[in-house]
Amino acid sequence: MTPFTFARASDVPEAVRLGAQPQAKFLGGGTNLVDLMREAVEQPATLVDVTGLSTAIEERADGSLLVGAGVKNTALAAHPAVRERYPLLSRAIVAGASAQIRNMATVGGNILQRTRCAYFYDLDGARCNKRTPGQGCDAIDGFNRMHAVLGGSTSCVATHPSDMCVALVALDASVHLQGSDGARSMPLTDLHRLPEDHPERDTVLAPGELITAIELPPLPLAAHSSYRKVRDRSSYAFALVSVAAAIDVRDGVVQDVRLALGGVGTRPWRAWQAEAELRGQPATEAAFRTAAALEMAQAQPLRENGFKIALVQRAIVAVLAQLTGETS
Amino acid sequence: MPATISINGAARALPDDPRVSLLDFLRDHLHLSGAKKGCNQGACGACTVLADGERILSCMALAVQYEGRAITSIEGVATDGALHPLQQAFIDHDGFQCGYCTPGQICSAIGMAAELRRGVPSYVTGDVAQDVIALSHDELRERMSGNLCRCGAYNGIVAAITEEYGEVAP
């Protein structure tokens, strides 16, 4: 591992000041960054430990929930308000990694984790535009069974690996940021970039900008929600496909719906088109199938991952059918 | 005063080099070789220890990040020379073959029991909002999925953990 300087930030202004140094990186639980440093994929000159900052979960009077970026994944999944009001988020978090890793990993670090594309990790043996801009991509014509069918480019087809983020984008979560130029917030759906010609930039964060919190708006339909993950083994594996869904049905008609997909996109994938198609439709399996097909019509399969297109559609239909009591 | 970390109840000076993982600190600096280096990348669970009672992977942890925290490794779970009841249960049920994963399995299961008491849900928990979660066979397997056993001693491991925590009170 390349030598680095370690600094623990005692508050957000200090973290932002330390994070503004050249080649500084913020350190959460380290479950991804430490591994990448060991593989020399990441070689920061300074690590700024921000795990002691923003560790509160605040239930606010307007019904929103403000989650500090330093909250551990386990603590968020186990929080009573999350389990009652946003069960899909609890389920998504405990679908990810292992219990040990969830005890270490922070909310901010989960959002900013890098792809698990094997070529991204293979410093000596593979080309990767995300790791080394302009080098080329060995995944597009290589072993790409795990890769994205949505949002890819001719530069990169790596998936975003998070389960938690799939639930968060379904919930209209926003992310609070602090940089040396001040604070701002944005919808989480706007934080992660599509790779386009610059896959090395996962997000729209400015250099040194720190995630301080996630805000979940009050969303009554989220009390009736779920998360389903399909993977190669039944636990402790990344998603082949996953579905986060919340739905409100009255008199057999879809009043409102939130739908997001994991394992298929280059970023946590909010299924805007399927949602728009479903609103006002009868809550039937036929309508779910039509909406799922519409969302996936834009999919671009590679040599080995075409199965995801059919698999995710079946998963969408199954989750919506389960939530609405339609037998599948 | 140098920065310290508590290891099995004793204050220890942290390493000067921030690259030292908590696992290497335990094994190479303190010669506590119970926690094992299986994969060194967070995939196998053999390095599991407890940090303030919560199970973590010591291979992915930088020792300096745990300044002031209380770490318990397998060497610290016995009391006054008496085995932890779960250690005895592993012996009684043959919960190992080669033994390499065993310290991690035991530390992990101790942490798992604390999570159950706190009502932490798992992916197989039917209703994540429920307060009381019983340690069913499926719950145990899911909650212990971060600890691999290459000998395949899972039946004995499950039996040992079930004996100790199968009736965990909320």
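Output the residues belonging to the stretch B:99-120 that are within 12 Å of chain A (Cβ to nearest Cβ), touching a residue at least 24 places away in the same chain (Cβ under 8 Å) and not in a helix (DSSP H, G or I).
Within the stretch B:99-120, B:Gly119 is the sole residue that qualifies.
Only one of (1) touching a residue at least 40 places away in the same chain (Cβ under 8 Å); (2) more than 17 Å from the chain's Cα centre (by Cα) is not met by A:Gly142, so which one is it?
A:Gly142 satisfies every listed condition except (1).
Residue-wise test of (1) farther than 17 Å from A:Met1 by Cβ; (2) not in a helix (DSSP H, G or I).
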residue	(1), (2)
B:Pro2	yes, yes
B:Phe25	no, no
B:Asp28	no, no
B:Ser33	yes, yes
B:Gln41	no, yes
B:Gly68	yes, yes
B:Ile71	yes, yes
B:Gln87	yes, no
B:Gln97	yes, yes
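Pick from the stretch B:57-74 the residues that are more than 9 Å from chain A (Cβ to nearest Cβ) and either buried (at least 21 other Cβ atoms within 10 Å of the Cβ) or aliphatic (A, V, I, L, M) (or both): which of them is nearest to A:Asn32 (Cα to Cα)?
Residue satisfying both the conditions and the ranking: B:Ser58.
If you take the residues in the stretch A:1-27 that are more than 10 Å from chain B (Cβ to nearest Cβ) and within 21 Å of the chain's Cα centre (by Cα), which one is farthest from A:Leu123 (Cα to Cα)?
In this case the residue turns out to be A:Phe26.
Of all residues in the stretch B:121-162, how many are aliphatic (A, V, I, L, M), touching a Lys or Arg at 6+ places or on another chain (Cβ under 9 Å) and not in a helix (DSSP H, G or I)?
4
How many residues, within the stretch A:51-101, are facing chain B (nearest Cβ under 9 Å), of a type in the set (D, E, K, R) and over 19 Å from A:Arg258 (Cα atoms)?
The number of residues fulfilling the criteria is 1.
When the residues of the stretch B:140-167 are filtered to those that are under 17 Å from the mean Cα position of the chain (by Cα) and closer than 15 Å to B:Ala114 by Cα, which remaining residue is surrounded by the most Cβ atoms within 10 Å (Cβ to Cβ)?
Checking each candidate, the answer is B:Arg143.
Kindly indicate the residue of the stretch A:190-234 that is basic (Lys, Arg) and surrounded by fewer than 18 Cβ atoms within 10 Å (Cβ to Cβ) and also nearest to the other protein chains (Cβ to nearest Cβ) among those meeting that condition.
Applying the filter and picking the extreme gives A:Arg233.
Might you check whether a residue that is surrounded by 22 or more Cβ atoms within 10 Å (Cβ to Cβ), without any contact (Cβ under 8 Å) to a residue 40 or more places away in the chain and part of a helix (DSSP H, G or I) occurs anywhere in the stretch A:16-26?
For the stretch A:16-26, residues surrounded by 22 or more Cβ atoms within 10 Å (Cβ to Cβ), without any contact (Cβ under 8 Å) to a residue 40 or more places away in the chain and part of a helix (DSSP H, G or I): absent.
Quick check on B:Glu54: is it within 14 Å of another protein chain (Cβ to nearest Cβ), within 12 Å of the chain's Cα centre (by Cα) and acidic (Asp, Glu)?
Yes.
Just so you know, all these numbers are worked out from the coordinates, no wet-lab data involved. Keep in mind the model is a prediction, meaning the values are calculated, not measured. Neighbour counts run over all protein chains shown; Cβ positions are idealised from the backbone, glycine included.
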